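Worksheet: the structure to be examined is printed underneath.
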Amino acid sequence: MSIFYQVRREYALSDLSENDLTESPFELFETWLQQVMQIDKISDPTAMIVATVDEHGQSYQRTVLMKALDDTGVTFYTNKNSRKGQHLAKNKRISAIFPWLAAERQVVFSGEVIELSEAENDEYFASRPFESQIAAVASAQSEVIDSRESLEQKYHALVEQYQGQAVPRPQHWGGYKIVAEQVEFWQGGEFRMHDRFLYQRTKSNWKVCRLQP
Ligand SMILES: Cc1cc2nc3c(=O)[nH]c(=O)nc-3n(C[C@H](O)[C@H](O)[C@H](O)COP(=O)(O)O)c2cc1C
């Protein structure tokens, strides 16, 4: 099969100029996030696609939900035995992209992960709905399972076991913070003359430069 796609459009919603830049990239990121949260067409504004690399240099990507932002980076939660968890145990380098296409924007973070503390993991796990806690216990994420039925059996057995009780957090379930070393902002522009700004962490602060589109 060989198909050519003629999907193209102009990007002209907005622009990003030197005047919009903040001292730290996290302030600008938070401003953009608040703006895209108002756009109905962006269904999961906190969803980001994170890329990790295996021991052969093969990259893998998947969507996760950002759950926190601070002055160093963005946090997500997962099963640390999953494929991504296994990659991160050997290689902490990671990148994450927020593809806010309906706003003609993307933001890319790159850096290294640090693992959240046991106390932080416990606190967040306890805040999740019962069903999500059960699912985290039931699923050996990224491992093969013979059928949907087997998975549901595990889930329902755990629902019965923990009915009316606190679900203990599995040791392998927790958060990673992506400590950003670079943050790049992209705003689509007319005639493909897009605006791109790259923040790079220095010893004491951030430096920022404009990149060609
Ligand atoms: C919208 C969306 C949100 C998701 N959020 C998470 C998440 O926060 N944590 C997580 O572990 N997986 C999440 N997933 C599932 C992951 O994309 C992925 O399938 C899973 O983490 C296993 O990835 P891995 O095998 O590469 O480790 C989400 C998927 C989608 C589409």
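The values are calculated or read from the model by the stated rules, or taken from the named source; none is laboratory data. Because the structure is a prediction, the values reported are computed rather than measured. With ideal geometry, Cβ positions are generated from the backbone for all residues, glycine too; neighbour counts draw on all protein chains shown. Ligands, DNA and RNA are excluded from the accessible area calculation, which covers all protein heavy atoms including side chains. Shrake-Rupley method; radii C 1.70, N 1.55, O 1.52, S 1.80 Å.
Just a few scattered comments:
- For region 109-126, the criterion of a residue being open to solvent by 60 Å² or more (accessible area, probe 1.4 Å), in a strand (DSSP E or B), touching a Ser or Thr at 6+ places or on another chain (Cβ under 9 Å) and of a type in the set (V, I, T) is satisfied by at least one position.
- Matching entry among Y11, Y5 (being away from the ligand (no atom under 16 Å from the Cβ), surrounded by 10 or more Cβ atoms within 10 Å (Cβ to Cβ), assigned to a loop (DSSP other than H, G, I, E, B) and of a type in the set (F, W, Y)): Y11
- Check on E184, open to solvent by less than 50 Å² (accessible area, probe 1.4 Å), among the acidic types (D, E) and modelled with pLDDT of 95 or more: yes
- Enumeration of residues in region 14-40 that are part of a loop (DSSP other than H, G, I, E, B) and free of Cβ contacts under 8 Å to residues at least 12 places away in the same chain: T22, M37, Q38, D40
- Scanning region 129-141 for residues that are buried (at least 16 other Cβ atoms within 10 Å of the Cβ) and closer than 21 Å to A68 by Cα, we see that the one that is farthest from the ligand (Cβ to nearest atom) is Q133.
- Number of positions in region 161-181 that are out of contact with any Leu (no Cβ under 7 Å at 6 or more places or on another chain), among the small types (G, A, S), farther than 24 Å from L21 by Cα and surrounded by 11 or more Cβ atoms within 10 Å (Cβ to Cβ): 0
- Of all residue pairs spaced 6 or more apart or on separate chains, those with beta-carbon atoms under 7 Å, a first member in region 64-77 that is within 19 Å of Q141 (Cα to Cα) and part of a strand (DSSP E or B) and a second member that is open to solvent by 50 Å² or more (accessible area, probe 1.4 Å) and of a type in the set (A, V, I, L, M) are F76/L65.
- Of the residues examined, L158 is not one that is free of Cβ contacts under 8 Å to residues at least 40 places away in the same chain and either surrounded by fewer than 11 Cβ atoms within 10 Å (Cβ to Cβ) or in contact with an Asp or Glu (Cβ under 8 Å, 6 or more places away or on another chain) (or both).
- Across region 135-150, not a single residue is classified as among the hydroxyl-bearing types (S, T, Y), touching a helix residue (DSSP H, G or I) at 6+ places or on another chain (Cβ under 9 Å) and not in a loop (DSSP other than H, G, I, E, B).
- Yes/no for Q86 being outside any helix (DSSP H, G or I), open to solvent by 60 Å² or more (accessible area, probe 1.4 Å) and not hydroxyl-bearing (S, T, Y): no
- Filter result for the condition that a residue is within 16 Å of the ligand (Cβ to nearest atom) and either free of Cβ contacts under 8 Å to residues at least 24 places away in the same chain or closer than 19 Å to A68 by Cβ (or both), over V113, V108: V113
- Filtering region 19-76 to residues that are away from the ligand (no atom under 16 Å from the Cβ) and among the acidic types (D, E) leaves D20, E23, E27, E30, D40, D70, D71.
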